[in-house]
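In what follows, a structure is listed as structure tokens, so that the remarks can point back to it.
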Amino acid sequence: MLKKTKLWIDMAKLYSREKHSKLFCPECKVGVIKIVDVYFDNNKKIDRYFTCDNCGKYNVLTMDNNVMDSDSSDMQKGQ
């Protein structure tokens, strides 16, 4: 696995444990990661976009939407 890929995966894992933490970009180390969830397939799946507000680098995690919690419904609305 590439080192950069592992850094993005580690950051996504951190977000899953600590949703309200400030996440810094694993590439530039300066920017803050913005997270947007995009639901598709009748809300059965989610593309979670992690985007750096400084360098613009991003990554997308596709996953099943097993539980719709209040955090993810807020993100879907862009809040």
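For segment 25-43, a residue qualifies if it is part of a loop (DSSP other than H, G, I, E, B) and at pLDDT 90 or above, and the qualifying residues are C25, P26, E27, C28, K29, V30, G31, D41. D71 fulfils the conditions (1) outside any strand (DSSP E or B); (2) at pLDDT 90 or above; (3) open to solvent by less than 60 Å² (accessible area, probe 1.4 Å); (4) out of contact with any helix residue (DSSP H, G or I) (no Cβ under 7 Å at 6 or more places or on another chain) except for a single criterion, (2).
Checking each residue in segment 10-19 for being open to solvent by 70 Å² or more (accessible area, probe 1.4 Å) and part of a helix (DSSP H, G or I) picks out K13, S16, R17. Just one of the numbered conditions (1) exposed (fewer than 11 other Cβ atoms within 10 Å of the Cβ); (2) at pLDDT below 90 is not true of K22: (2).
Yes/no matrix, rows are residues, columns are (1) farther than 16 Å from K6 by Cα; (2) free of Cβ contacts under 8 Å to residues at least 40 places away in the same chain; (3) in contact with a His (Cβ under 8 Å, 6 or more places away or on another chain); (4) open to solvent by less than 50 Å² (accessible area, probe 1.4 Å):
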site	(1), (2), (3), (4)
P26	no, yes, no, yes
K29	no, yes, no, no
D37	yes, yes, no, yes
D41	yes, yes, no, no
K44	yes, yes, no, no
C55	yes, yes, no, no
N66	yes, yes, no, no
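The values are calculated or read from the model by the stated rules, or taken from the named source; none is laboratory data. Given the structure is predicted, the values throughout are model-derived calculations rather than measurements. Cβ: placed from backbone, ideal geometry, glycine included. Neighbour counts: every protein chain shown. Surface accessibility is based on the protein's heavy atoms, side chains included, excluding ligands, DNA and RNA. Shrake-Rupley method; radii C 1.70, N 1.55, O 1.52, S 1.80 Å.
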